[in-house]
Amino acid sequence: MKKILLYTIASLFLATSCVNDLDEDYNLDPKRATDVPPGTLVSNAQFNLSNVITTPDYNTNVFRYYVQHWAAAQYPDESQYNINTREINRFFWTILYRDVLSDLREARNLITANNLLAADLKASQLACIEVLEVYAWSVLVNTYGDIPYFEALDINNVQPKYDDDVAIYNDLFTRLDAAINNLSQNSDNSGLGNADLFYQGDLEKWLKFANSLKLRMGLTIADVDATKARGIVEAAAPNVFTSSDDDAELPYTPNVPTANPVYDELRQRDDNVAASPFLDVLLDWEDPRLDEFFRPAPEGENAGEYVGGVYGDLNNYPDVAQPSDLVREADAPGILLSYTEVEFLLAEAALRGFNVPGTAEEHYTAAVTSSIVNDWGGTAAEATAYLQQPEVMLNTANWRESLGMQKWIALYNQPVEGWKEWRRLDYPQLEAPPLAQSEIPLRFPYPSTEQNLNNANYAAAASAIGGDVVTTRVFWDED
């Protein structure tokens with residue numbers, strides 16, 4: 001008994017003597033990693049970035065409603081532009097800052113601090129991270145306008161000031177050019193290797209991705225600074241995507257939680273249907289993508305027919321067309337930037353008189369054909385017949401309408417970019433539904449958390465942009 005007592009006392013003494021700091025010994029989560037490889041952080045950032053721009057989740061990404069691709073059945077609040085009830089603007093903001101940019105920033109810090117990493121490998125890894133950061137920042141600016149940027153992501157500054165959206169874009173161009181230069185000079189290594197979910201370390205494809213992103217961003221500002229846009233576009237154009245094999249995309253798996261978020265959302269809720277403004281154009285133009293985008297109404301008086309739902313109001317789900325089985329595929333990729341989009345951008349550049357390879361007609365034809373054949377499994381014959389229709393032919397006298405309408409269709413499964421391009425090109429000429437709470441949003445308001453926790457900087461930003469409302473335009477969006 002004495003021995004047992006002595007052992008017990010000794011054990012207690014050893015246990016208590018080891019606890020010199022309760023914070024260090026007891027306030028640690030044993031399941032939380034303390035040393036995370038930078039590649040894991042990059043993978044997680046890529047996954048979350050693809051998810052947030054792909055998902056149709058009501059709480060995060062409602063842009064399929066804003067461009068009137070989809071209507072709702074039971075819950076039309078989002079198609080009536082009710083942003084605040086679910087704080088959609090807060091969730092979109094938080095995912096990009098916390099789950100994408102913060103992970104990329106930490107990965108950058110870890111790679112930079114690794115003195116055992118070969119110089120060329122370090123440079124290429126940092127360049128890939130830079131491209132991803134530029135992409136994410138551009139999405140934030142395009143969605144909100146002025147945002148915290150230069151002081152953001154600093155744990156010692158929880159109230160960062162907001163920066164002018166033009167100044168942010170200018171800095172993003174500088175950063176993107178530096179990344180392109182690094183990728184050009186350090187292309188003979190494995191980059192991020194298998195941690196890279198987009199290209200598995202293929203730096204030639206990263207270089208094309210960076211230049212294609214530069215092309216996209218250059219044309220985004222073309223209406224407000226044509227001279228600057230011309231220089232950016234002409235520098236990028238010779239080095240962009242040349243086929244759909246170059247697409248920046250995330251290959252999802254057949255199983256949740258790594259399945260495509262469109263599949264995951266649609267399997268849980270029967271609430272998304274084809275919106276009649278979009279479906280009617282597909283029908284009128286005999287678009288070969290119709291049955292790839294939607295399946296006909298399964299029941300009721302419209303059974304077997306492609307009938308669109310009333311946009312911005314209630315619909316009876318079985319009576320109208322619904323997202324297709326192809327759209328619902330669990331392992332369908334998430335698209336960040338595609339060859340199809342690049343061809344549309346090159347067509348626009350040529351139409352603006354910028355010096356890019358090829359003609360506007362060639363690029364326009366390639367874009368529409370790529371969407372039909374490469375993206376949605378149609379045939380070259382279908383694409384050719386479609387392009388011969390007067391409504392579809394490139395109208396150089398009103399190229400904004402031609403490009404706007406065709407990008408509206410081709411970006412069907414890229415809702416964030418589709419919403420941006422609708423705002424920029426002003427086509428199609430959509431109208432808000434009768435029950436809408438506002439005009440079609442041109443930006444997201446700032447999250448309520450910013451008003452509550454960063455109020456002084458929030459108020460200054462709201463004043464600077466002309467009001468924190470959905471009708472305030474981002475700098476590149478001219479009236």
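What the table below lists for this structure:
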{"read-out": "Qualifying positions in the stretch 327-383 - touching a Phe, Trp or Tyr at 6+ places or on another chain (Cβ under 8 Å) and charged (D, E, K, R)", "value": "328, 329, 331, 343, 348"}
{"read-out": "Residue check for residue 99: open to solvent by 10 Å² or more (accessible area, probe 1.4 Å) and under 29 Å from residue 218 (Cα atoms)", "value": "yes"}
{"read-out": "Residues of the stretch 181-199 classified as under 21 Å from the mean Cα position of the chain (by Cα) and either exposed (fewer than 15 other Cβ atoms within 10 Å of the Cβ) or hydrophobic (A, V, I, L, M, F, W, C) (or both), total", "value": "3"}
{"read-out": "Of residues in the stretch 155-174 being of a type in the set (Phe, Trp, Tyr) and under 15 Å from residue 218 (Cβ atoms), the one surrounded by the most Cβ atoms within 10 Å (Cβ to Cβ)", "value": "169"}
{"read-out": "Test for residue 264: is it under 26 Å from residue 383 (Cα atoms) and assigned to a helix (DSSP H, G or I)", "value": "no"}
{"read-out": "Given (1) surrounded by fewer than 22 Cβ atoms within 10 Å (Cβ to Cβ); (2) modelled with pLDDT of 95 or more, number of the condition residue 214 does not satisfy", "value": "(1)"}
{"read-out": "Selection from the stretch 430-467 of residues that are of a type in the set (Asp, Glu) and not in a loop (DSSP other than H, G, I, E, B)", "value": "450"}
{"read-out": "Scope the stretch 255-265; condition touching a Phe, Trp or Tyr at 6+ places or on another chain (Cβ under 6 Å) and either closer than 17 Å to residue 212 by Cβ or buried (at least 19 other Cβ atoms within 10 Å of the Cβ) (or both); matching residues", "value": "260"}
{"read-out": "Contacts under 8 angstrom Cβ, first residue in the stretch 300-328 being closer than 17 Å to residue 433 by Cβ, partner open to solvent by 50 Å² or more (accessible area, probe 1.4 Å) and among the charged types (D, E, K, R), 6 or more apart", "value": "308/280"}
{"read-out": "Residue list for the stretch 193-215, filter: part of a helix (DSSP H, G or I) and closer than 20 Å to residue 37 by Cβ", "value": "193, 194, 195, 203, 206"}
{"read-out": "Wholly enclosed helices (runs of 4 or more DSSP H) of the stretch 63-176 bearing at least 3 residues more than 30 Å from residue 434 (Cβ to Cβ)", "value": "102-113, 119-144"}
{"read-out": "Where residue 381 falls short, out of the listed (1) surrounded by fewer than 14 Cβ atoms within 10 Å (Cβ to Cβ); (2) farther than 22 Å from residue 326 by Cα; (3) free of Cβ contacts under 8 Å to residues at least 60 places away in the same chain", "value": "(2)"}
{"read-out": "Which numbered condition residue 12 misses (of (1) at pLDDT 95 or above; (2) more than 30 Å from residue 470 (Cβ to Cβ))", "value": "(1)"}
{"read-out": "Output for the stretch 217-230, where each listed residue is in contact (Cβ under 8 Å) with a residue 12 or more places away in the chain and open to solvent by 40 Å² or more (accessible area, probe 1.4 Å)", "value": "224, 226, 230"}
{"read-out": "Filter result for the condition that a residue is in contact with a strand residue (DSSP E or B) (Cβ under 7 Å, 6 or more places away or on another chain) and among the polar types (S, T, N, Q), over 413, 454", "value": "413"}
{"read-out": "Single residue of 304, 312 found to be of a type in the set (Gly, Ala, Ser) and either at pLDDT below 95 or open to solvent by 30 Å² or more (accessible area, probe 1.4 Å) (or both)", "value": "304"}
{"read-out": "Matching residues, the stretch 428-479, being over 21 Å from the mean Cα position of the chain (by Cα), at pLDDT 95 or above and under 30 Å from residue 392 (Cα atoms)", "value": "429, 430, 431, 432, 433, 434, 439"}
{"read-out": "Checklist (1) touching a Lys or Arg at 6+ places or on another chain (Cβ under 8 Å); (2) open to solvent by less than 30 Å² (accessible area, probe 1.4 Å); (3) assigned to a loop (DSSP other than H, G, I, E, B) applied to residue 252, failing item", "value": "(1)"}
{"read-out": "Residue selected from the stretch 66-89 under the condition under 19 Å from the mean Cα position of the chain (by Cα) and closer than 15 Å to residue 143 by Cβ, by the criterion most open to solvent (accessible area, probe 1.4 Å)", "value": "87"}
{"read-out": "Total residues in the stretch 284-301, condition in contact with a strand residue (DSSP E or B) (Cβ under 9 Å, 6 or more places away or on another chain) and open to solvent by 40 Å² or more (accessible area, probe 1.4 Å)", "value": "3"}
{"read-out": "Unique match (being within 23 Å of the chain's Cα centre (by Cα), at negative phi and of a type in the set (Phe, Trp, Tyr)) among 422, 399", "value": "422"}
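The values are calculated or read from the model by the stated rules, or taken from the named source; none is laboratory data. Since the structure is predicted, the reported quantities are computational estimates derived from the model, not experimental observations. Every residue, glycine among them, receives a Cβ derived from its backbone with ideal geometry; neighbour counts consider all protein chains shown. Just so you know, the surface numbers come from the protein's heavy atoms only, side chains and all, with ligands and any DNA or RNA stripped out. Shrake-Rupley method; radii C 1.70, N 1.55, O 1.52, S 1.80 Å.
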